[in-house]
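Data first, discussion second: the structure below is written as structure tokens.
The values are calculated or read from the model by the stated rules, or taken from the named source; none is laboratory data. Predicted, not measured: the structure shown is a model, and the values here were computed from it. Please note: Cβ atoms are built from the backbone with ideal geometry, for glycine as well, and neighbour counts cover all protein chains shown. Note: accessible area is taken over every heavy atom of the protein model, side chains too, but ligands, DNA and RNA are not part of it. Shrake-Rupley method; radii C 1.70, N 1.55, O 1.52, S 1.80 Å.
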Amino acid sequence: MTVNRELFDQVMVPNYAPSSVIPVRGEGSRVWDQQDREYIDFAGGIAVNCLGHCHPALVKALKEQGEKIWHVSNVMTNEPALRLAKKLVDATFAEKVYFANSGAEANEGALKLARRVALENFGEQKSQIIAFNKGFHGRTFFTVTVGGQAAYSDGFGPKPGDIVHCDYNDLAAFEALISDNTCAVMMEPLQGEGGIISATDEFAKGVRELCTKHNALLIFDEVQTGVGRTGELYAYQGLGVTPDILTTAKALGGGFPIGAMITTTEIAKHLKVGTHGSTYGGNPLACAVGEAAFDTVNTPEVLAGVKAKAQLFNELLSEINDKHQVFSEIRGQGLLIGAVVTEQFKGRAKEFLVAGIAEGVMSLVAGADVVRFTPSLVIPEAEIREGMARFEKAVAKVVNG
């Protein structure tokens with residue numbers, strides 16, 4: 001069988017429009033395609049491959065668990081799930097863990113739990129969910145409606161109700177929306193898909209205080225910002241604001257599908273037996289790999305290294321910009337970095353991504369105006385420099401037409 005990009009059009013639903021490049025193997029922060037062409041990976045599967053490709057600790061965990069047990073239903077529990085849950089609890093504010101397969105599922109669980117808590121504690125009238133414009137929380141119908149990008153949720157019929165949005169970092173607008181009928185507020189501590197926009201300290205603290213005042217649960221979606229991405233294990237720890245519920249996925253498995261919702265015992269007690277579930281949630285293979293990823297990332301050396309590597313990324317991007325004047329701002333935290341294009345290149349961020357592929361470097365976009373970088377948290381300095389040299393050639397090509 002010939003496996004190429006044309007086969008995608010023949011056999012796959014057309015909701016994606018993938019590149020003609022088909023990666024076939026990876027090692028660290030380098031990837032090779034079917035033609036054995038090499039790329040430096042600054043995309044990381046959209047902030048998933050937190051330790052690059054085929055990290056020895058993850059490969060070892062997968063092989064060892066693969067020879068023990070692959071799957072048990074949640075009629076039973078399993079050792080890898082319990083070990084990973086204990087480590088999540090020990091390292092965060094949380095006391096209880098629910099495992100899922102993805103960020104969307106973790107967010108779905110968080111939203112269902114919040115509604116359940118409000119219903120059981122306060123009554124049916126307390127059902128409003130507040131989220132933020134440009135936010136992104138997944139593609140289930142509930143999470144995509146909570147996400148603040150109507151283009152993703154329109155066109156599928158009636159949406160789940162009592163969900164409202166306001167602008168991120170606009171505390172006055174948020175205060176005008178929240179009331180005693182608000183059951184939950186869902187926010188990213190740093191908006192990823194929305195353009196790599198950090199919450200201000202004032203906003204984050206104000207949202208927390210208003211949630212407490214109105215008995216609304218604060219849900220932090222840390223699917224993209226979690227597991228070391230910002231240089232903290234979870235971004236909330238650098239904000240000085242503690243949520244009631246937190247969701248984590250992407251980097252949690254280092255490339256193996258896994259998600260989790262974590263919360264307190266008092267909140268968790270409302271998900272009684274039979275109220276929610278997931279066939280593959282807490283899968284032994286996923287949790288074994290997740291534990292290896294978590295152990296590797298959750299060290300002072302790796303987390304400090306993220307901040308040092310981020311500084312180098314920012315310096316090199318600034319040098320490129322000094323030469324070519326294409327970015328109005330470099331923003332983000334840790335190794336979640338957004339380069340905002342100038343007015344001249346408005347709507348053309350993807351051109352830099354495409355030009356980068358041609359030069360042997362993988363990047364991302366966050367909307368039409370932001371080039372996004374989410375590399376491995378342990379990428380060597382030499383590969384950052386090499387990748388940025390390739391990215392500069394791509395920038396020059398876009399600039400020179």
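Here are some notes:
- Hey, residue 205 surrounded by 15 or more Cβ atoms within 10 Å (Cβ to Cβ), over 24 Å from residue 86 (Cβ atoms), in contact with a Gly (Cβ under 8 Å, 6 or more places away or on another chain) and of a type in the set (Lys, Arg) or not: yes
- Some residue of the range 4-23 being more than 19 Å from residue 363 (Cβ to Cβ) and in contact with a strand residue (DSSP E or B) (Cβ under 8 Å, 6 or more places away or on another chain): no
- Selected residue [exposed (fewer than 15 other Cβ atoms within 10 Å of the Cβ) and among the small types (Gly, Ala, Ser)] from 123, 52, 44: 123
- Filter pass, residue 356 being within 25 Å of the chain's Cα centre (by Cα), buried (at least 22 other Cβ atoms within 10 Å of the Cβ), closer than 28 Å to residue 253 by Cβ and at pLDDT 95 or above: yes
- Matching residues in the range 282-329 - criterion: being more than 29 Å from residue 64 (Cβ to Cβ) and among the β-branched types (Val, Ile, Thr): 320, 326
- Test: residue in the range 189-198 that is more than 30 Å from residue 335 (Cβ to Cβ) and open to solvent by 30 Å² or more (accessible area, probe 1.4 Å): no
- Residues of the range 320-332 satisfying the condition of being open to solvent by 20 Å² or more (accessible area, probe 1.4 Å) and outside any strand (DSSP E or B): 321, 322, 323, 324, 325
- Residues in the range 333-352 that are open to solvent by less than 40 Å² (accessible area, probe 1.4 Å) and within 29 Å of residue 22 (Cα to Cα): 334, 335, 336, 337, 338, 339, 340, 341, 345, 349, 352.
- Selection within the range 56-74 - open to solvent by less than 60 Å² (accessible area, probe 1.4 Å), touching a residue at least 24 places away in the same chain (Cβ under 8 Å) and closer than 16 Å to residue 296 by Cβ: 57, 58, 61, 65
- Close pairs from the range 27-51: first in contact (Cβ under 8 Å) with a residue 12 or more places away in the chain and within 21 Å of residue 224 (Cα to Cα), partner open to solvent by 50 Å² or more (accessible area, probe 1.4 Å) and assigned to a loop (DSSP other than H, G, I, E, B), Cβ under 9 Å, at least 6 apart: 28/54; 28/378; 28/380; 29/378; 29/380; 50/378; 51/378
- Counting only helices (runs of 4 or more DSSP H) that sit wholly inside the range 112-201, those with at least 1 residues that are under 19 Å from residue 47 (Cβ atoms) and at pLDDT below 95 are 150-153.
- Residues in the range 208-241 that are part of a loop (DSSP other than H, G, I, E, B), of a type in the set (D, E, K, R) and buried (at least 22 other Cβ atoms within 10 Å of the Cβ): 222, 229.
- The number of residues in the range 366-401 being closer than 25 Å to residue 298 by Cβ, open to solvent by 10 Å² or more (accessible area, probe 1.4 Å) and in contact with a His (Cβ under 9 Å, 6 or more places away or on another chain) comes to 1.
- Of the residues making up the range 381-390, not a single one is on the phi < 0 side of the Ramachandran plot, in a loop (DSSP other than H, G, I, E, B) and either of a type in the set (Gly, Ala, Ser) or at pLDDT below 95 (or both).
- Residue 18 satisfies every condition listed in (1) without any contact (Cβ under 8 Å) to a residue 60 or more places away in the chain; (2) in a helix (DSSP H, G or I); (3) in contact with a Phe, Trp or Tyr (Cβ under 9 Å, 6 or more places away or on another chain) except (2).
- Test for residue 273: is it among the hydrophobic types (A, V, I, L, M, F, W, C), out of contact with any Ser or Thr (no Cβ under 9 Å at 6 or more places or on another chain), under 23 Å from residue 168 (Cα atoms) and in a loop (DSSP other than H, G, I, E, B): no
- Qualifying positions in the range 191-211 - among the small types (Gly, Ala, Ser) and farther than 28 Å from residue 151 by Cβ: 206
- Condition check for residue 252: open to solvent by 10 Å² or more (accessible area, probe 1.4 Å) and aliphatic (A, V, I, L, M): no
- Sole residue being aliphatic (A, V, I, L, M), closer than 30 Å to residue 343 by Cα and not in a loop (DSSP other than H, G, I, E, B), chosen from 312, 303, 246, 285: 312
- Count of the range 291-300 residues which are in a helix (DSSP H, G or I) and exposed (fewer than 15 other Cβ atoms within 10 Å of the Cβ): 2
- Considering each residue of the range 31-45 in turn, at least one proves to be assigned to a helix (DSSP H, G or I) and out of contact with any strand residue (DSSP E or B) (no Cβ under 8 Å at 6 or more places or on another chain).
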